1. Would you be able to tell me the number of residues in region 455-482 that are assigned to a helix (DSSP H, G or I) and either crowded, with 19+ Cβ neighbours inside 10 Å or at pLDDT 95 or above (or both)?
2. Go through (1) of a type outside the set (Phe, Trp, Tyr); (2) surrounded by 21 or more Cβ atoms within 10 Å (Cβ to Cβ); (3) modelled with pLDDT under 90 one by one and return the number of the condition Leu57 breaks.
3. For region 68-120, give me each residue that is surrounded by fewer than 16 Cβ atoms within 10 Å (Cβ to Cβ), among the acidic types (Asp, Glu) and assigned to a loop (DSSP other than H, G, I, E, B).
4. Hey, among the residues in region 387-401 that are of a type in the set (Gly, Ala, Ser) and in contact with a strand residue (DSSP E or B) (Cβ under 7 Å, 6 or more places away or on another chain), which one's surrounded by the fewest Cβ atoms within 10 Å (Cβ to Cβ)?
5. Are there any helices (runs of 4 or more DSSP H) wholly within region 257-363 with 2 or more residues that are under 18 Å from Arg235 (Cβ atoms) and at pLDDT 85 or above, and if so which?
6. Looking at region 265-283, I want the residues that are surrounded by fewer than 23 Cβ atoms within 10 Å (Cβ to Cβ) and have a partner that is among the aromatic types (Phe, Trp, Tyr) and assigned to a loop (DSSP other than H, G, I, E, B) with Cβ atoms under 8 Å, at least 6 apart or on another chain. Which pairs are those?
7. What are the residues in region 126-152 that are among the hydrophobic types (A, V, I, L, M, F, W, C) and under 19 Å from Gly85 (Cβ atoms), if any?
8. For region 651-758, which fully contained helices (runs of 4 or more DSSP H) count at least 3 residues that are closer than 30 Å to Leu462 by Cβ and open to solvent by 10 Å² or more (accessible area, probe 1.4 Å)?
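The values are calculated or read from the model by the stated rules, or taken from the named source; none is laboratory data. What you see is a predicted model; the values in this text were computed from it and never measured. Neighbour counts are summed over all protein chains in view; Cβ atoms, including those assigned to glycine, are modelled from backbone coordinates with ideal geometry. Note: areas computed on protein heavy atoms with side chains; ligands, DNA, RNA excluded. Shrake-Rupley method; radii C 1.70, N 1.55, O 1.52, S 1.80 Å.
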Amino acid sequence: MRRASEHRSGPPEPALRVIMRRLREIMAEPGDGQARLDKIVRQIAGLMVAEVCSIYLKRQDGSLELFATEGLNQTAVHSTRMKRGEGLVGRCAELATPVNEPDAQSHPAFSYRPETGEEVYHSLLAVPILRGGIVLGVIVVQNRTPREYSEDDVEVLETTAMVVAENLASGAVAGARGPDLERPQSDSMAGTPLSSGIALGHVVLHEPRVVVTELLAEDPVTELSRLDLSIDRLRENIDDMLRHDSLAQAGAHREVLEAYRMFANDRGWVRRMRDAVREGLSAGAAVERVHNATRARMLRQNDPFWRERLRDLDDLSDRLQRILAGKLDVAADKLALPEDAILLARNMGPAELLDYDHKRVRALIVEDASAQSHVAIVAKALGIASVGQVSGLTERVTQGDAAIVDGETGEVHLRPQPELVAAYADKVRFLARRQSQYRALRDTPAATKDGVRIRLLMNAGLPVDMPHLDDSGADGIGLFRTELQFMIASAFPRLERQTAAYHQILEAAGDKPVVFRALDIGGDKALPYLRHHKEENPALGWRAIRLALDRPGLLRLQVRAFLRASGGRTLNVMLPMVTEVSEIDRARELIGEELARLAATGHVAPVSVSVGAMVEVPSILFDLEALLTRVDFLSVGSNDLLQFLFAADRTNPRVADRFDPLSVPALRALRRIVEAAVRADRPVTLCGEMAARPLEAMALIGLGFRSISMAPASIGPVKSMILSLDAARIAAVMEGLLAAGKGGSIRESLRAFAEGDSVEI
């Protein structure tokens, strides 16, 4: 069997034009939706030289139903269904990317359906039927001969799918999509918290995609000109955001927008779109085709860098389509936003979020977004409550639906019942009152009732976090995560950029101390521009100080930037994931070499340099005395330390809640660290989620911690607890509970003490 491309006398343009003309003729003929679909599959099979062509359409529950076929058994039509994600066809729909298999039946995902009679066919090409980014179904072609379909075949079938999608949506094949299920009155879904906060409001669907209806270029020269002018305007728009956006000027997400600009100037992306126009497609159809093809290639890359670039590609393609359609100006959208807008998007780029009036946006929900995604970083900078990873949400909601977004738990409630609205409204009012009370305590020292001073420090990671230092009344930065700036950059930051970034942080902190954690990358925090290898257990793998000592150039460059930025100041550097004291020795040797180099090059040296270690690997608990002779301070990373102690991945919901930080083994380990630090006269701070919760913070004070670091929003509640606490009494209670010999959690005992002693938790 010859390939479809072998039957063409030239480039794909004639085949595309023939297919589109035939499909238009079919849509213009009388008949019902089923008859049209039957004719469509016959035409595609003939023009693609395929022995089978089938159309599967998506139903409300996400399953796929065989609606038409040429080549398979006709009795299978409407009786063959694939569950969501089932088989190669379901895989195509779920990933919204083509599946091209030379021998489909040998693929582990193949789902055999005997009623179809497809056992004689080997090669399979499936492409999603997409409209506005939404999968409506799948078109499949099959042949007996095992072979991989050519890129021309894929492009022809993708373009055909675009035409079919438009006709499905327009009603030309009315009734083909199957019955819609009745929309539920209320619904609740769980996602991943991206940015804290609670919001009640009404849904505004983010619909940047412009559906292309004119697919053929009547005048290719004119279409090329339209495309070129639109690309120029896109680039100008991004440049304007970099020049004029206040957050970008402040450095909150300049790296994000610069990466975005780099993609917009990619010559390969532009060339492929221009080639598609020359082949006979309209400018809009060319953007759509290249977007779909590039997206499919990126989805095959199991790499976080390409996943993030995928979001940039989606955003850029959407914006380019809006320019082509004359719809880039979003002023009307801004004016139309209600005062309580909850933005909902399948996907969203950072620039698109900036298009909205963020003063009217109470919350953001993005189906495909993680806490490290660019849009999440910008949402946090804007102070917008955000939730991500809420799969299938856009299919359950309509514009204007009432909704509640809980950025603390990741919950989203659609069309909530009055009782739930009232409960959340009370919660919001209560939080507002509490925040007002906490703001009043901003300048009050955190001291217990018996006069014990507790240092409350703040965790940070981006310049946008720095205003919270004064707003929260924090005593300093106990943990500055330097890797966040690396993770949002498109390339490894050079010495000058790193130096300027650290200097900016120190300037913003004023006379308050800042502890910089050296680059904690690797494992699940891979930098997109550094080569890394897949690891079975990245949390226990090649990361943090292990990577830094194996690649000393990375650590050396960062230390050099720390030293230059800290001229005339005190520099505090913390080394992450220390496993044995020899790692500290090697790191201190490197720091000493950089100090000597700094003096030799005439730069102003820091007033002093303090080097600390982060205690988060259990092995170091049994060598604390030796460690404390080599460091100036300790910081306890409770998040990692406890997950390693209990061998329970904190990102795995099946095991993350199986242990309690307030259990006896965990608290004894933490007490061991405090006691060793006190004997060695070294300061110790706990940085982690434990410090951010008043009950856990109370227990830490009872163990002897006098310095804890947390998210800025937690400082007020923890300070309020400290002001109502007697340090001597909680120390005695903790001593008794840990000496009692009982295993398990002491949470309820601590809660009872707090209630009996009127401690605000």
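1. 5
2. Here Leu57 clears every test but (3).
3. Asp103
4. Gly400
5. Answer list for region 257-363: 267-278, 283-299, 304-324.
6. Partner pairs satisfying both residue conditions: none exist.
7. Ala126, Val127, Ile129, Leu130, Ile134, Val135, Leu136, Val138, Ile139, Val140 - these are the residues of region 126-152 that are among the hydrophobic types (A, V, I, L, M, F, W, C) and under 19 Å from Gly85 (Cβ atoms).
8. 712-723
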